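For reference, the structure discussed in these notes is given below.
The values are calculated or read from the model by the stated rules, or taken from the named source; none is laboratory data. Since we're looking at a predicted model, the values are computed, not measured. Positions of Cβ are generated from backbone atoms using ideal geometry, with glycine treated the same way; all protein chains shown enter the neighbour counts.
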Amino acid sequence: MITIKDKTFVPFIPAKAIQERIQELATQINEEYADKQPLIVVVLNGAFLFAADLAKQLTISCEITFIRVASYEATESSGQVKQILGLNESIEGRDLIVIEDIVDTGLTLHQVCAQLREKGPASIAIATLLFKPSALKEKLDLQYVGFEIENRFVLGYGLDYDGLGRNTQDILVLK
Ligand code: XMP
Ligand code: MG
């Protein structure tokens with residue numbers, strides 16, 4: 001159990017289960033990208049531990065790069081626009097694997113993938129550790145999903161509450 005500020009989090013997915021599932025996802029990626037050389041695009045900050053543990057299990061030839069997604073209010077629209085920061089590589093003709101910690105509403109990845117697609121990659125696949133199907137608002141093709149979970153707030157193993165709690169081996173859930 002962890003308490004951060006006013007919130008208490010209880011055990012949810014233990015470290016061993018996370019690592020076993022990551023090994024399964026890596027095996028799948030190793031098979032499906034055996035004859036390719038993908039560019040792995042890690043969405044910071046939340047995906048940093050998932051990406052590190054997954055990457056250590058990949059035996060394929062691949063490049064790994066890191067992006068951030070910044071939200072800003074467009075002047076003429078009230079909607080939140082997500083801007084990609086840090087992508088310096090040319091992605092034209094590349095096979096991309098986008099690594100995320102969690103797909104909740106799917107709005108972030110929907111916008112990120114739309115912007116990536118404009119730059120002409122050969123393919124885009126998504127690998128997310130967690131997926132909340134009941135929260136999804138945008139249609140999204142998810143090729144690699146670690147765990148489908150119910151619509152509750154989770155923490156740990158990269159995921160934070162107000163910047164805190166990323167540094168655990170287990171995933172916890174709000175009590
Ligand atoms: P969307 O809704 O765009 O979510 O799919 C994108 C980002 O929201 C954060 N998020 C969470 N962070 N526990 C967290 O610590 C959660 O339960 C949670 N749900 C969404 C996360 O940064 C994700 O990339
Ligand atoms: Mg995130």
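Numerical summary
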item	result
Residue match in region 163-174 (condition: farther than 28 Å from Tyr33 by Cβ, away from ligand 2 (no atom under 14 Å from the Cβ) and buried (at least 19 other Cβ atoms within 10 Å of the Cβ))	yes
Wholly within region 5-123, strands (runs of 3 or more DSSP E) carrying at least 1 residues that are free of Cβ contacts under 8 Å to residues at least 24 places away in the same chain	63-73, 80-85
Test result for Thr108, more than 9 Å from ligand 1 (Cβ to nearest atom), modelled with pLDDT under 95 and either out of contact with any strand residue (DSSP E or B) (no Cβ under 9 Å at 6 or more places or on another chain) or not aliphatic (A, V, I, L, M) (or both)	no
Residues located in region 97-118, provided they are over 9 Å from the mean Cα position of the chain (by Cα) and over 19 Å from Pro38 (Cα atoms)	Asp104, Thr105, Gly106, Leu107, Thr108, His110, Gln111
Any chance Glu148 is more than 15 Å from ligand 2 (Cβ to nearest atom), under 18 Å from Phe12 (Cα atoms) and not hydroxyl-bearing (Ser, Thr, Tyr)	yes
Any hit, region 87-94, residues being buried (at least 20 other Cβ atoms within 10 Å of the Cβ) and either on the phi > 0 side of the Ramachandran plot or within 13 Å of ligand 2 (Cβ to nearest atom) (or both)	no
Failed item in (1) farther than 16 Å from Arg21 by Cα; (2) surrounded by 15 or more Cβ atoms within 10 Å (Cβ to Cβ), with Ala127 passing the rest	(1)
Candidate set: region 42-53, residues that are of a type in the set (A, V, I, L, M) and farther than 19 Å from Leu116 by Cβ; chosen: the one farthest from ligand 1 (Cβ to nearest atom)	Ala52
Residues being buried (at least 17 other Cβ atoms within 10 Å of the Cβ) and not in a strand (DSSP E or B) - total across region 141-154	2
